[in-house]
Amino acid sequence: MRKLLYSLPLAALLWVLPFSLAHADRIKDLTTMAAMRGNQLIGYGLVVGLQGTGDGSDLSFTTQSMKTLLNRMGVNQENPLSDYEAATSGGKIDLKNVAAVMITADLPGMSKPGQRIDINVSAIGKATNLRGGSLLLTSLRGVDGQIYALAQGSLTATGIDAGGAGSKVSTGVTTAARIPGGATVEKAVDNAFDKSDNVLLNLRDGDFTTASSIIQAINAKFGGDVASALDSVSIVVRAPMDSSQRVSFMSMIENIDVQPGEPPARIVVNARTGTVVISRNVRVSAAAVSHGTISVSVAMTNEVSQPGMLSNGSTKEVQNADVKVNEPNKPMFLFQPGVDLRQIVDAVNQVGATPSALIAILEALKSSGSLRAELLVI
């Protein structure tokens, strides 16, 4: 039998495998543990080392932040300029190489002190480019005001802004950057993983069918009523109290394969890019659709009318207009009751509809009540 399987082509092997395994998903891909929820952090800091693309001396909070930082480092700022420099510059510090920024980060659940997390850096002042800058030591705080991480490092900016000789080229966003592993966790967030009697699993997308399948799979493997549902999102699992046993138990649960429920019929439309995504369960009731555009072109021709040789007339300018109306002959297509995704796409392609026209057709079908799906426009 083993030799026979080795000799079968790949297509035949796919038919040998059980159909349910091809569509089964692991519990870890369908759910998240409530104790592992992340937390958002935010901070304010300064980026230095820019090539003249910073805030400058016009922003008071950038200047104030720089003075406060230098004072903490022992640099006297009471009389930083000479009399001549104070008279010529107005007593202001020129900070073209410094930018005030906001730092944001996501602190994963169960993070421990000493671990590194990624951070995002965004300019809040007049800085035009953060490329090549370095973030000075900044504290990141949670919603409770406590410090959970410290950030510092060289920025990684993907945006490019270059110009010269009256032309300018810009790619990406130059006022935002990232620092991979740019923050060190200093404080752990308390969680109830090793304290509560039960472990709570939350589905990424609430669905009663998927929740029921997960409960049946867990109880079939461990027996009894180990798992029970609170609603279409939350599932309660009884776990051992010992930490080592609980970790091993959850490792076995998250690798169980289950058959999730079919997602609801949904059409997602991106009006800016013209992207349309139609799920497999979309159905359309009986409807007739006709879509076409009328184009009008006007051509103006300027001519001169000359009078006769023996007449007393004068030369006049004459404007001739040629107006043409073009209405393409687009056939009407008919949707039979309960047509599926393939028939919808084929029918729309037959009339040569563009992405914008397809969006208009879907919105009209939804308004008429013929579209059996949720239409999301983003």
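The values are calculated or read from the model by the stated rules, or taken from the named source; none is laboratory data. The structure displayed is predicted, hence computed values, not measured ones. All Cβ positions, glycine included, derive from the backbone under ideal geometry; neighbour counts span all protein chains shown.
Before moving on, here are some points about what is shown:
- Candidates in the range 207-256 are the residues that are under 34 Å from the mean Cα position of the chain (by Cα) and among the acidic types (Asp, Glu); of these, the one that is farthest from residue 34 (Cα to Cα) is 207.
- Looking across the range 53-70, the residues that are under 20 Å from residue 43 (Cβ atoms) and either surrounded by 14 or more Cβ atoms within 10 Å (Cβ to Cβ) or in contact (Cβ under 8 Å) with a residue 12 or more places away in the chain (or both) come down to 54, 55, 59, 61, 62, 63, 65, 66, 67, 69, 70.
- Being under 21 Å from residue 98 (Cβ atoms), assigned to a loop (DSSP other than H, G, I, E, B), at pLDDT below 95 and among the charged types (D, E, K, R) is a condition met by at least one residue of the range 131-149.
- Count of residues meeting criterion [more than 20 Å from residue 368 (Cβ to Cβ) and at pLDDT 70 or above] in the range 280-302: 1
- Among the residues of the range 98-152, the ones that are of a type in the set (Gly, Ala, Ser), under 21 Å from the mean Cα position of the chain (by Cα) and more than 27 Å from residue 194 (Cα to Cα) come to 2 in all.
- Matching residues, the range 261-277, being surrounded by 13 or more Cβ atoms within 10 Å (Cβ to Cβ), more than 30 Å from residue 217 (Cβ to Cβ) and either of a type in the set (S, T, N, Q) or at pLDDT 80 or above (or both): 267, 269, 270
- When the range 207-266 is limited to residues that are small (Gly, Ala, Ser) and in contact with a Lys or Arg (Cβ under 8 Å, 6 or more places away or on another chain), the one that is farthest from residue 281 (Cα to Cα) turns out to be 239.
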